[in-house]
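Notes follow once the structure below has been shown.
None of the figures in this text is laboratory data; all of them are computed from the coordinates on show. All figures in this text were calculated on a predicted structure; none of them were measured in a lab. Backbone-built Cβ (ideal geometry, glycine too); neighbour counts: all protein chains shown.
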Amino acid sequence: MAPNKLNGPSTCTPEVSLQGEYSVDRVSRERVSQDAGRYRTKVPAGVLRPASVEDIQEIVRRCAREGIPVAARGLANTTDGQGLTDGVLIDMTALDTIHEIGADYAIVDAGADWLQLTNAANARGLTPPALTGFLGLTFGGTLSLGGIPPAIQSGGQVDSVIELEVVTGTGELRTCSAEHDKELFEAVLAGLGQYGIITRATVRLGVAPERVRGHELSYSELSEFFRDFRTLLHRSEVSELYGEFGEGQHLSAFTFHQAAEPPDDAYVLRDLTPTETTISDNDFLPHVTRIDVAVEELRAALDWDHRAKPWLTVWLPETTAERYVTEVLDNLTPTDIGAGGFVLLYAHRRAKLTRPSLRLPQDDGSDWVYLFTLMTATTDFSEDLLTRNRTLYDRARALGGTRYPIESVVFTQADWADHYGDRWPHLQQLKHTTDPAGILTPGPGVF
Ligand SMILES: Cc1cc2nc3c(=O)[nH]c(=O)nc-3n(C[C@H](O)[C@H](O)[C@H](O)COP(=O)(O)OP(=O)(O)OC[C@H]3O[C@@H](n4cnc5c(N)ncnc54)[C@H](O)[C@@H]3O)c2cc1C
């Protein structure tokens, strides 16, 4: 591999003619040499801001011919260098058009973000069905990972995709869906950028709720928190449910509703035993965009973007989740979390998570799976934090868990084979046909 082969004139080389901007100057390359983790650095040889899908095809063909690695970059919110490369980096945010919003779907460029679509759809009384807590994430980014919301029954963002347009590792442009080219569709959704670069997506929209009733509950005992968390989850009367740990344990339950039909607080809270309860009301749009506002505040107050974030996120079967979370929280120190750090627990109905590349925990007979995230933020990064994550991952694995690879666990190829289980031989074969030169998205080290 010779990553600097594409160095040269900044718009075109004799072999590649591009409508967009291909930059090789140090400032442009260093600007995209890190992700949200802030502890890994890879300076690409060149950065393409494509003006069209043809530009992406052109550069991928050239990279394939010459064996140069190539990665798409969305808003770089992954933490362990998943989207970094010393080859060619394609800045997908250059293509961020919302092409169409229909009665129940939208067609978007992969470099657009969910906040853009949420705002545009809301103006028509519509919403994407699965919204991540934070919406400043591109379509290409979350559709390559999963896009798991605090909602408990919506499925992930990958589950609401109708059709994708993908440039494979040979530069071929393919349109795929559950009906057409299904193998590629299922490989690419939550496929970590290994089989193609998503350039466009058609995603489902539904009617936006008007209002959101919030019930925020505090607990002094973790066991009480879990009892009520499970009660609310199994009743499934609320729309969103998550836990947050730090100073005590807090449970947040939000119920989406139309203005004329508010939920009955006493009914929602029946038989629960929090030490404190706060009830709130909000419109839908400010509710689903509030974490974006909070992240802006963290950025301003703590220079949050520049803190190292060696995060850990694991899926757990319901039957072992309480044991795992209790063990982890018992051993966490304040520096494991850090200022601007969070510890969160989501849960989701297993049957709604339908994409095979999103690896779920062992089936324990429960309808529910849990997603635990340790979002460390620190100004004092050390490799020990990655060792900690590996130990915590191994423990989750032993309890039937899997990893949600938005984050930071050092993984070998044997770990990836284990991660994909029965699906591994099929994925190896698909990799061979969609990316024969093995150039796409080297960051996670899957192949
Ligand atoms: C504050 C915060 C909150 C978050 N909350 C949630 C949450 O609630 N739920 C959740 O599931 N996740 C959450 N995440 C994680 C987030 O979903 C992932 O990090 C996601 O990848 C972010 O999208 P991005 O645009 O930043 O992608 P990037 O980090 O830029 O890319 C992610 C990976 O996908 C590849 N990629 C990017 N674009 C494409 C493309 N077009 N085609 C193929 N491959 C591509 C990249 O090469 C990289 O390997 C959160 C992250 C942060 C920082």
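Some notes on this structure:
- Counting every alpha-carbon pair across the range 296-428, the share separated by more than 23 Å comes to 37%.
- Using the Cβ-Cβ distance between Glu237 and Ser17 with R0 = 60 Å, the FRET efficiency computed as 1/(1 + (r/R0)^6) comes to roughly 0.55.
- Fewest-first sequence of Leu371, Leu440 by Cβ atoms within 10 Å of each Cβ: Leu371, Leu440
- If you take the Cα centroid of the range 30-108 and the Cα centroid of the range 409-442, the two points sit 20 Å apart.
- In terms of packing, defined here as the mean over residues of other Cβ atoms within 10 angstrom, the peptides 41-49, 360-368, 67-75, 406-414 line up highest first as 67-75, 41-49, 406-414, 360-368.
- The modelled label-to-label distance for the pair Asp25/Glu327, using points 7 Å beyond Cα in the direction of Cβ, is 5.3 nm.
- For the pair Asp281 and Ala351, the difference between a 0.36 nm per residue extended length and the Cα-Cα distance amounts to 22.2 nm.
- FRET efficiency for Thr97 and His180, using Cβ-Cβ distance with R0 set to 25 Å, rounded to 0.05: 0.60
- Paramagnetic label zone (point 7 Å from Cα along Cα-to-C-beta, Glu172; backbone N under 17 Å) in the range 421-442: 427-440
- Stretching Asn119 away from His432 to a fully extended chain increases their span by 108.7 nm, per 0.36 nm per residue minus the current alpha-carbon distance.
- J(HN,Hα) series, the range 210-220, from Karplus relation 6.51 cos²θ - 1.76 cosθ + 1.60, nearest Hz, glycine and proline x: 7, 10, 9, 9, x, 10, 10, 10, 10, 9, 9
- FRET efficiency, 1/(1 + (r/R0)^6) with R0 22 Å, evaluated for His306 and Asp384 via beta carbons: 0.65
- Each part gets one Cα centre, and for the range 251-326 versus the range 169-196 those centres are 33 Å apart.
- Packing-based ranking, highest mean first, of 240-251, 144-155, 197-208 given that Cβ atoms within 10 Å are counted: 144-155, 197-208, 240-251
- Assuming charge only on the beta carbon of Lys and Arg (+1) and of Asp and Glu (-1), the dipole of the range 98-207 about its Cα centre is about 280 debye to the nearest 20.
- Per residue of the chain, the DSSP helices (runs of n ≥ 4 H) give a summed -39500 (n - 2.57) that works out to -8500 deg cm²/dmol at 222 nm.
- As a proxy for reagent exposure, ranking Arg235, Arg62, Arg230 by other Cβ atoms within 10 Å from fewest up yields Arg235, Arg230, Arg62.
- Per-residue packing, averaged as other Cβ atoms within 10 Å, sorts the ranges 220-227, 121-128 into the order 121-128, 220-227, beginning with the highest.
- Counting every C-alpha pair in the chain, the share spaced more than 36 angstrom apart comes to 26%.
- Taken about its Cα centre, the range 345-416 carries a charge dipole of roughly 340 debye when the Cβ of each Lys and Arg holds +1 and the Cβ of each Asp and Glu holds -1.
- Highest GNM mean-square fluctuation among Val60, Val295, Val158, for the chain modelled with Cα contacts below 10 Å: Val295.
- Potential lengthening between Ala260 and Glu66 on full extension [0.36 nm per residue; Cα-Cα distance subtracted]: 63.6 nm
- Rounded D (µm²/s) - the range 98-207, Kirkwood Rh over Cα pairs, Stokes-Einstein at 25 °C, 0.890 mPa s: 180
- Residue order for Thr97, Thr78, Thr118, Thr333, fewest other beta carbons within 10 angstrom first, comes to Thr333, Thr97, Thr118, Thr78.
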